[in-house]
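The values are calculated or read from the model by the stated rules, or taken from the named source; none is laboratory data. Please read all numbers here as calculations on a predicted model, not as lab measurements. Here the Cβ is made from the backbone with ideal geometry for all residues, glycine too, and neighbour counts use every protein chain on show. Ligands, DNA and RNA are excluded from the accessible area calculation, which covers all protein heavy atoms including side chains. Shrake-Rupley method; radii C 1.70, N 1.55, O 1.52, S 1.80 Å.
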There are 2 protein chains.
Amino acid sequence: MNIGEIAKRAGVSRSTVSYALTGRRPVSPETKQRILAVIDELGYRPNAAARALKEGRTRTIGLVIPPASTRLTDMQLGFVASVVDAAARADLDVLLSPSGGEHDRSFERVVTGQRVDGVIVMEIRLEDDRVARLMASGLPFVGIGRTRDPAGMSWVDIDYETLIARCVHHLADLGHRDIALVNRSAELVAAGYGPGHRARAGFDRAVADRGLRGVAVCCADDAQAGQACTEHLLAEHPELTAIATVNEAAAAGVYHALARSGREVPRDFSIVGVAARHWAENLHPPLTAADVPAVELGAQAVDLLLGRIADPSAAHRHLLVAPPISLRATTGPAPA
Amino acid sequence: MNIGEIAKRAGVSRSTVSYALTGRRPVSPETKQRILAVIDELGYRPNAAARALKEGRTRTIGLVIPPASTRLTDMQLGFVASVVDAAARADLDVLLSPSGGEHDRSFERVVTGQRVDGVIVMEIRLEDDRVARLMASGLPFVGIGRTRDPAGMSWVDIDYETLIARCVHHLADLGHRDIALVNRSAELVAAGYGPGHRARAGFDRAVADRGLRGVAVCCADDAQAGQACTEHLLAEHPELTAIATVNEAAAAGVYHALARSGREVPRDFSIVGVAARHWAENLHPPLTAADVPAVELGAQAVDLLLGRIADPSAAHRHLLVAPPISLRATTGPAPA
DNA sequence: CCGATTCGTCGAATCGGTTCGACCGAGGGA
DNA sequence: TCCCTCGGTCGAACCGATTCGACGAATCGG
């Protein structure tokens, strides 16, 4: 079932079969039809490896994800899904590569073995050696997220700094004076995870701008940690009346801790965050939050990558989104 | 940076480089060292396409997932993560293929273009044309889930029928007489989604065995639907004192509906389900549930697939797991 | 001391496509 | 009528690896 077999049965040469399929040279209607009939009958498809070898491209992109051991957040899942979706629309396949920890062989294989035409990297750190590796390799790539100095790369990202600042202003406008930031996990922040640092910076700046009293804490990415963290926060700072958070996975725990402390949301306490819309709406009560357009970002990342593959020397482009805050049910005036 | 370049710089023939790398023929220590030095210096990796073409295998497996539009449940995410993880351990790459809906081109490409050595298929229906397609193609594959008559395939699956029956018996043992099943979405069940049907069958059988009164409903996979569904259920059947569920995504909504109706869990009402442990523990209160070992199942699926790739004519194997119910905080004696 | 092994290496064939140069015949312009 | 162009097709080269057969040199047993 290779191209030679098709050629033999159609009574033409292999090149003619190739031209009939790719259309890169004219083939007479009768010949073409005969070839297609044979192909259809035998269910022939060109061998992807042979084609990739000759053409020098694989029609596959790599998607570098955090290692499987760290559970994907809802937002990350949204990115993965939208990248896969957008790639499928462009008739590209997606090769998954967990990176970090023990799986660096996988990353190496993807980057170095000419298995993919380009790469999308998620979960970028301020200093990220995967990015350095990719830049050195010359392979086209796009970050979902960006390094501290992203001038030499193409990327899409969420403007956490602006968003958290906006959250703080929203709370300040409502009269809150003592607010807390529930950030991502201490490990992530310590490892230089961009959103954690940028959220912190935005929080500090806005708190200073509005003359508020702010306290920032880190919190692991699950409901139990969110609860523990909030209980601790309320015990240490009983004066708090609001929380801003970028940790969607912890939000349910934050709710429970507040309920157990006797505080009712939003009457006694306000919460505002940055989260996937799906997630914000499914909390109870629905979370007032900046809705991250994960689907759009993933699609844009694929777009950018296609551009770089088509012209690797083109100027780098990027997209920084700061979606507006959707008012739902968790923020209200500061209690008197 | 191909093997010829390495050969030239090391002053040997291309075949010798190949033998030095694969070890399939002896190479003298000095020569080998010289070759490895050059390779190291130039950062050479064999071209994956060329190797695949000659060897006839790609060292890649396909993972067929539901289309991106339908959000992955926590359990499905666990499967994906564990498959990727297990594949990485075996030095295999994973090619993602959304199937269903508009993405059948992607599935076709994966199955037919000799891009992968084997395939793992998720979300299998009782009658599943992707399975039929794979059987016809002769490509090794393993299902996570199984068709109605899975004799001709290898698979791993969760024994929903037994598990839900076990849940019902657990509730009956606690004295509950009126119980409901909250199943997966009506669309899934209508489409012949196996777990939905098998859960229903196990529920009906156990309810009959114990002489209970049971009511089964379908429910979309999110918290809002869970709440609406439960409210409806309580309105129609106020005599209910317990719910068994296979719909982990709806559980939070079930909780809220019960709380809003004034029922306290587990004092007034019991809930028991089948869910990923991570998910059950993060609910509040933690859900008494059969903990699905998604990680183990994914790893087993990869194992089975490796076996089939190694020997496609070997007898089919399968694994049906029925993990015990972990008692947490949501079941108690039926109210008097 | 000679024939048979064994070791280390090389050259050439091969995998299944794409693509380039060339060829033949028909049609069109001068 | 002659020449050129162009449509349609073929054969051969090529992409970058693996692998088989062969061959020279060293080793070994008799």
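B:Asn183 is checked against (1) open to solvent by 20 Å² or more (accessible area, probe 1.4 Å); (2) outside the structural domain of B:Ala301 (by TED's automatic domain parsing) and fails just one. What number does that condition carry?
For B:Asn183, the exception is condition (1).
Tell me, which residue of region A:52-72 that is more than 8 Å from chain B (Cβ to nearest Cβ) and of a type in the set (Lys, Arg) is nearest to the chain's Cα centre (by Cα)?
A:Arg59
Criterion first (in contact with a Gly (Cβ under 6 Å, 6 or more places away or on another chain) and either facing chain A (nearest Cβ under 7 Å) or within 16 Å of DNA strand C (Cβ to nearest atom) (or both)) does B:Leu95 satisfy it?
Judged against the criteria, B:Leu95 is a match.
Criterion first (of a type in the set (Lys, Arg), more than 16 Å from DNA strand C (Cβ to nearest atom) and over 30 Å from A:Val295 (Cβ atoms)) does B:Arg45 satisfy it?
Judged against the criteria, B:Arg45 is a match.
Please specify each residue of region A:146-173 satisfying the condition of being assigned to a loop (DSSP other than H, G, I, E, B), open to solvent by 10 Å² or more (accessible area, probe 1.4 Å) and not acidic (Asp, Glu).
A:Arg146, A:Thr147, A:Arg148
Let's see how each residue does on (1) in a loop (DSSP other than H, G, I, E, B); (2) within 30 Å of the chain's Cα centre (by Cα); (3) under 23 Å from B:His197 (Cβ atoms):
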| residue | (1), (2), (3) |
| --- | --- |
| B:Thr230 | no, yes, yes |
| B:Leu234 | no, no, no |
| B:Ala244 | no, yes, yes |
| B:Ala251 | no, yes, yes |
| B:His256 | no, yes, no |
| B:Gly262 | yes, no, no |
| B:Asp268 | yes, no, no |
| B:Val274 | no, yes, yes |
| B:His278 | no, yes, no |
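Of everything in region B:98-109 that's in contact (Cβ under 8 Å) with a residue 12 or more places away in the chain and at the interface with chain A (Cβ under 7 Å from one of its Cβ atoms), which residue is farthest from A:Ala81 (Cα to Cα)?
The selected residue is B:Arg109.
Looking at region A:1-11, which of its residues are within 13 Å of DNA strand C (Cβ to nearest atom), of a type outside the set (D, E, K, R) and open to solvent by 60 Å² or more (accessible area, probe 1.4 Å)?
A:Met1, A:Asn2, listed by residue number.
With respect to B:Val131, determine if the residue is open to solvent by less than 30 Å² (accessible area, probe 1.4 Å) and within 14 Å of another protein chain (Cβ to nearest Cβ).
no
Among B:His284, B:His278, B:His256, which is the only one that is open to solvent by 20 Å² or more (accessible area, probe 1.4 Å), touching a residue at least 40 places away in the same chain (Cβ under 8 Å) and within 14 Å of chain A (Cβ to nearest Cβ)?
B:His278
When only residues in region B:105-128 that are in a helix (DSSP H, G or I) and away from DNA strand C (no atom under 16 Å from the Cβ) count, which is surrounded by the fewest Cβ atoms within 10 Å (Cβ to Cβ)?
Result: B:Arg105.
With respect to A:Leu36, is the statement that it is away from chain B (no Cβ under 14 Å), of a type in the set (A, V, I, L, M, F, W, C) and either away from DNA strand C (no atom under 11 Å from the Cβ) or within 27 Å of A:Asp129 (Cβ to Cβ) (or both) true?
It is true that A:Leu36 is away from chain B (no Cβ under 14 Å), of a type in the set (A, V, I, L, M, F, W, C) and either away from DNA strand C (no atom under 11 Å from the Cβ) or within 27 Å of A:Asp129 (Cβ to Cβ) (or both).
Could you tell me whether B:Leu240 is part of a loop (DSSP other than H, G, I, E, B) and away from chain A (no Cβ under 14 Å)?
yes
Can you tell which of B:Thr60, B:Thr22, B:Thr73, B:Thr31 is within 11 Å of DNA strand D (Cβ to nearest atom) and of a type in the set (S, T, N, Q)?
When all the criteria are applied, what remains is B:Thr22.
Give the residue, chosen from A:Arg14, A:Arg24, that is modelled with pLDDT under 95 and within 11 Å of DNA strand C (Cβ to nearest atom).
Answer to the selection: A:Arg24.
Residues are listed down the side, and each one gets a yes or a no for (1) in contact with a helix residue (DSSP H, G or I) (Cβ under 9 Å, 6 or more places away or on another chain); (2) more than 8 Å from every other protein chain (Cβ to nearest Cβ); (3) surrounded by fewer than 19 Cβ atoms within 10 Å (Cβ to Cβ):
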{"residue": "A:Gly78", "(1), (2), (3)": "yes, yes, no"}
{"residue": "A:Asp85", "(1), (2), (3)": "yes, no, no"}
{"residue": "A:Ala88", "(1), (2), (3)": "yes, no, no"}
{"residue": "A:Asp91", "(1), (2), (3)": "yes, no, yes"}
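Just name the residue that is farthest from the other protein chains (Cβ to nearest Cβ) out of those in region A:8-19 that are near DNA strand D (Cβ under 7 Å from one of its atoms) and not charged (D, E, K, R).
A:Gly11
Are any residues in region A:205-214 surrounded by 17 or more Cβ atoms within 10 Å (Cβ to Cβ) and without any contact (Cβ under 8 Å) to a residue 40 or more places away in the chain, and if so, which ones?
If the condition is that a residue be surrounded by 17 or more Cβ atoms within 10 Å (Cβ to Cβ) and without any contact (Cβ under 8 Å) to a residue 40 or more places away in the chain, then A:Val207 is the only one that fits.
How many residues does region B:40-49 contain that are more than 40 Å from the chain's Cα centre (by Cα) and surrounded by 17 or more Cβ atoms within 10 Å (Cβ to Cβ)?
Of the residues in region B:40-49, 0 are more than 40 Å from the chain's Cα centre (by Cα) and surrounded by 17 or more Cβ atoms within 10 Å (Cβ to Cβ).
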